[in-house]
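As structure tokens, the structure follows; a few thoughts come after it.
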């Protein structure tokens, strides 16, 4: 239809940003609480922004170098697209962090009034990040496509987003877990004080880390997925439809439908005082999926021809819509599977808690087993969706399924970013010594936030797998790689390199957390020992020293994993050729997806096993079982918040780089 143009994508992107401004304005109008609450919130905000400023200052020279290389060896349009992607990802991070770190004290104050008001403030703050990610992502892709008219040219937009996301995920994960491990091991286990006790020197760094990891990190991750999936789908659409514009345009318009659906569904997130906030957030998520499905059904029938023979499959609007449904079903199932394996109300996490009765060793063994088991159902889900999508619509169907899943990113990021706000709100209530009823209200939100964070991580990993498949097929099209012969030595070498890379990458990330946590633990112990009256509450700890340790460690330690991810595909592609490159992408996608699921779910289950005991089960806090569970949670922290999520970025950055160098490979 002639009225369907990329301008709708630009319009939807602008609408998403306007809604983000509306939500931000409504949050900032809320009461920020008393002076003590505002002081704590400001410390968290300053720490978060200091980290972001230092991170981006470190990344600017890398981005400029890549820009120059692309300008010289590709063309100016590719270089500009890369820089727009990098800058857009950075802007989304700044906007989201700026609001969530201002919303925490406002959520605490709202919790003094009602659960519903506290949920509304924290969710609207998260929605600012969600709408910014989706709005900037779609605006960037659609705007650049209007300017340059070529999906291959603007693929570097996704590469720019990938480069920022990789470092944001790795650096943010190192920051948050260094602070968390230090706060937990010295504060909870050694000093025997609560998690958010103001006497703990690492408590502000821990609260900053929640925002750095789950707001800026997750936002950058899904911004990258959104951009990469949209552009990979457009490349495949151009190839399959032999230049017919509808094949490319579908992906931009599906993104527009997803943004509008997320906006409408956000108004469903409301709850009463005795209701479960999880139910309210589920309404938003299910509403987004339903509206996206309805809008996509109308779209495919308006946009696509009644029948189109691609040479390998005959496409019809109904067949393409089946692929849409596959992507949305993966979205739902991955969330349900993740919730089952990580929730403290379900058997897997409770089995870890039970194992804690006999010590840390059995806690760790059981947690690892739960994580390993949790990989099976997601693999089956992804495989089923891939086979069904391919059988009805070929390679185009796989790309459509991936785009359908990512089109709901606005709502997913919103409910994920809600978590750090609720978590910080509880910490502020504790540190400001508010009435116990406030902490009780924020704890209800925080418990839900733990589940939504785990579900969002599952979504990010599942979407990374589908995005990688779309990128892989787009690479095959550009490199004219019609098949991969695994009997060819170069292909086998590429397969092994790709399979081994996620393990080496994860090792660097885990090691970085260990090194940073070592420094943090030393500083927290020093303050407890050297500051007179600290344990008695008569002296104030040096929060800034701990924030500085996490910041410096994260920036320093993120460089090697980042360079490993960016450099390996270039070396393999130019050194061994496109067949080896194809093998490497296949190996990295499979190994990275499985390892990410294992780490994220094991870490989430360890975390909620600890919370299950802290709720009063199996003896409650202060018991040997609780101490064992804290150790399990500490091991799981870098699993679920550093190495696991960073593998999403690894998979996708390799895919986006492969598209850029594909035309040069032989």
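Residues are listed down the side, and each one gets a yes or a no for (1) surrounded by fewer than 18 Cβ atoms within 10 Å (Cβ to Cβ); (2) in contact with a helix residue (DSSP H, G or I) (Cβ under 9 Å, 6 or more places away or on another chain); (3) part of a helix (DSSP H, G or I):
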position	(1), (2), (3)
286	yes, yes, yes
329	no, yes, yes
344	no, yes, no
364	no, yes, yes
367	no, yes, yes
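Contact map, segment 379-397: first residue within 18 Å of residue 238 (Cα to Cα), second residue outside any helix (DSSP H, G or I), Cβ cut-off under 7 Å, separation 6 or more or different chains; pairs are 393/313; 393/315; 394/310; 394/312; 394/313; 396/315. Which members of segment 372-394 meet the condition of being surrounded by 24 or more Cβ atoms within 10 Å (Cβ to Cβ) and either touching a strand residue (DSSP E or B) at 6+ places or on another chain (Cβ under 8 Å) or over 24 Å from residue 599 (Cα atoms) (or both)? If the condition is that a residue be surrounded by 24 or more Cβ atoms within 10 Å (Cβ to Cβ) and either touching a strand residue (DSSP E or B) at 6+ places or on another chain (Cβ under 8 Å) or over 24 Å from residue 599 (Cα atoms) (or both), then 389, 393 are the ones that fit. Among the residues that make up segment 107-128, is at least one of them under 26 Å from residue 566 (Cβ atoms) and touching a helix residue (DSSP H, G or I) at 6+ places or on another chain (Cβ under 7 Å)? The answer is no; no qualifying residue exists. Residue 125 falls short on exactly one of the conditions (1) within 30 Å of residue 470 (Cβ to Cβ); (2) surrounded by 24 or more Cβ atoms within 10 Å (Cβ to Cβ), and that condition is (1). Entry remark, segment 67-90: residues being surrounded by 20 or more Cβ atoms within 10 Å (Cβ to Cβ) and over 24 Å from the mean Cα position of the chain (by Cα) number 4 in total.
With the requirement that a residue be buried (at least 16 other Cβ atoms within 10 Å of the Cβ), touching a helix residue (DSSP H, G or I) at 6+ places or on another chain (Cβ under 8 Å) and not in a helix (DSSP H, G or I), what does segment 288-326 give you? Selection gives 304, 310, 313, 315. Which residues, counting only those in segment 615-634, are within 10 Å of residue 353 (Cβ to Cβ) and crowded, with 22+ Cβ neighbours inside 10 Å? 625, 628, 629, 632 - these are the residues of segment 615-634 that are within 10 Å of residue 353 (Cβ to Cβ) and crowded, with 22+ Cβ neighbours inside 10 Å. Listed by first and then second residue, the pairs linking a residue in segment 573-596 that is touching a residue at least 12 places away in the same chain (Cβ under 8 Å) and at positive phi to a residue that is part of a helix (DSSP H, G or I) and surrounded by fewer than 24 Cβ atoms within 10 Å (Cβ to Cβ), with Cβ atoms under 9 Å apart and 6 or more places separating them unless they lie on different chains, are 577/490.
Residues that are surrounded by fewer than 21 Cβ atoms within 10 Å (Cβ to Cβ) and not in a loop (DSSP other than H, G, I, E, B) were ranked within segment 224-259; the one that is modelled with the lowest pLDDT is 245. Checked against (1) closer than 28 Å to residue 83 by Cβ; (2) not in a helix (DSSP H, G or I), residue 140 meets all criteria but (2).
When we screen 197, 221, 180 for residues that are in a helix (DSSP H, G or I), out of contact with any strand residue (DSSP E or B) (no Cβ under 6 Å at 6 or more places or on another chain) and farther than 25 Å from residue 658 by Cβ, the only hit is 180.
In the condition set (1) closer than 28 Å to residue 124 by Cβ; (2) buried (at least 17 other Cβ atoms within 10 Å of the Cβ); (3) more than 21 Å from the chain's Cα centre (by Cα), residue 93 is compliant with all but (3).
A search for C-beta distances below 8 Å between a residue of segment 230-258 that is at positive phi and touching a residue at least 60 places away in the same chain (Cβ under 8 Å) and any residue that is assigned to a helix (DSSP H, G or I) and surrounded by 24 or more Cβ atoms within 10 Å (Cβ to Cβ), counting only pairs 6+ apart in sequence or on different chains, returns nothing. Do we have residue 146 as more than 17 Å from the chain's Cα centre (by Cα), surrounded by fewer than 24 Cβ atoms within 10 Å (Cβ to Cβ) and farther than 30 Å from residue 663 by Cα here? No: the conditions fail for residue 146. Only residues that are touching a helix residue (DSSP H, G or I) at 6+ places or on another chain (Cβ under 7 Å), outside any helix (DSSP H, G or I) and within 19 Å of residue 20 (Cβ to Cβ) were counted across segment 260-284, and they come to 2. All of 409, 404, 429 fail the test of being more than 22 Å from residue 134 (Cβ to Cβ), modelled with pLDDT of 85 or more and surrounded by 24 or more Cβ atoms within 10 Å (Cβ to Cβ), apart from 429. Kindly indicate whether residue 35 is farther than 30 Å from residue 562 by Cα, surrounded by fewer than 19 Cβ atoms within 10 Å (Cβ to Cβ) and modelled with pLDDT of 90 or more. Criteria not met by residue 35. Quick check on residue 625: is it modelled with pLDDT of 85 or more, assigned to a helix (DSSP H, G or I) and either at negative phi or within 17 Å of the chain's Cα centre (by Cα) (or both)? Answer is yes for this residue. Go through (1) within 17 Å of the chain's Cα centre (by Cα); (2) more than 30 Å from residue 185 (Cα to Cα) and name the single condition residue 327 misses. Answer for residue 327: the failing condition is (1).
The values are calculated or read from the model by the stated rules, or taken from the named source; none is laboratory data. The model shown is predicted, which means the values in this text are computed figures rather than measured ones. Positions of Cβ are backbone-derived with ideal geometry, glycine not excepted, and every protein chain shown enters the neighbour counts.
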